[in-house]
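The structure appears below as structure tokens.
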Amino acid sequence: MALLDTLVTTAAGAVAATIGVLVGGIVTHRAQDRQWLRDKQLLAYQELISHYARFTMVISRAHADRRGWDYDWSEWSAALTRAGLVAPAAVTAEIDNFGRAVGIFLDQVARDPERDPTRDPLSKEEFALASRAPAQAQVRLVNAVRRSLSKDQKALPFWMGGSLADSPDNT
């Protein structure tokens, strides 16, 4: 009987250890997947906001200096797509809103043949006014990103990085 008790105890211990290893592996794998996704999200969001800041500055300088400009719009489009691929649904909706607001902005400051920066540049005030909608969309996007990354993140009431419109505090 002692041998049977020893075998049962040993077998139960082995089964429990095996279950523990399997459960630990599953939990670790899920945590690694979440960390991988979070890292990809952060990179995609950084890239998107960086492109926005970059082309906004390029276009702004072109109008201020009365010169031409060029930008690789395929990279902007790709950045929007990459961010949308890894973002949760609420952030993806804000990425779409941001992209639409930027499109309207570009229609006003970059695509309108009547407003060639070499012949008829926008004034600083006109550019700031055109920048208002994408700046507001950027704040909504940044706050959606912050909420998606941590419930402890507080909403930002101001815009940054590429938005040349007056901030809400200055209006």
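Take the conditions out of contact with any strand residue (DSSP E or B) (no Cβ under 6 Å at 6 or more places or on another chain) and part of a helix (DSSP H, G or I) and apply them to G68. Does it pass?
So G68 does not fit the description; no.
Looking at A87, A62, A79 in this structure, which one is small (G, A, S), surrounded by 10 or more Cβ atoms within 10 Å (Cβ to Cβ), touching a helix residue (DSSP H, G or I) at 6+ places or on another chain (Cβ under 8 Å) and within 30 Å of D116 (Cα to Cα)?
A79
I need the full set of residues from region 22-57 which are loosely packed, with under 12 Cβ neighbours inside 10 Å and either charged (D, E, K, R) or touching a residue at least 60 places away in the same chain (Cβ under 8 Å) (or both), in order please.
Of everything in region 22-57, those that are loosely packed, with under 12 Cβ neighbours inside 10 Å and either charged (D, E, K, R) or touching a residue at least 60 places away in the same chain (Cβ under 8 Å) (or both) turn out to be R30, D33, R34, D39.
Please identify the pairs in which a residue from region 58-82 that is under 27 Å from T92 (Cα atoms) has its Cβ atom under 7 Å from the Cβ atom of a residue that is of a type in the set (F, W, Y) and assigned to a loop (DSSP other than H, G, I, E, B), counting only partners at least 6 apart or on another chain.
Sorted first by the residue in region 58-82, then by its partner, the pairs are V58/W69; V58/Y71; I59/W69.
Does any residue in region 111-126 that is closer than 19 Å to Y71 by Cβ come within less than 8 Å, Cβ to Cβ, of a residue that is modelled with pLDDT under 90 and in a helix (DSSP H, G or I) six or more places away or on a different chain, and which pairs are these?
Going by the 8 Å Cβ cut-off, the qualifying pairs are P121/R115; L122/R115.
If I filter region 80-87 for residues that are outside any helix (DSSP H, G or I) and either within 16 Å of F127 (Cα to Cα) or within 19 Å of the chain's Cα centre (by Cα) (or both), do I get at least one hit?
Restricting attention to region 80-87, the residues satisfying the condition of being outside any helix (DSSP H, G or I) are 87.
Then keep just the ones that are either within 16 Å of F127 (Cα to Cα) or within 19 Å of the chain's Cα centre (by Cα) (or both); that gives 87.
Within region 80-87, one or more residues are outside any helix (DSSP H, G or I) and either within 16 Å of F127 (Cα to Cα) or within 19 Å of the chain's Cα centre (by Cα) (or both).
Show the residue pairs that are 6+ apart or on different chains and have beta-carbon atoms under 7 Å apart, the first residue being within region 145-160 and within 24 Å of R132 (Cα to Cα) and at pLDDT 85 or above, the second being surrounded by 10 or more Cβ atoms within 10 Å (Cβ to Cβ) and β-branched (V, I, T).
V145/V91
The values are calculated or read from the model by the stated rules, or taken from the named source; none is laboratory data. These figures come from a predicted structure and were not determined experimentally. Cβ: placed from backbone, ideal geometry, glycine included. Neighbour counts: every protein chain shown.
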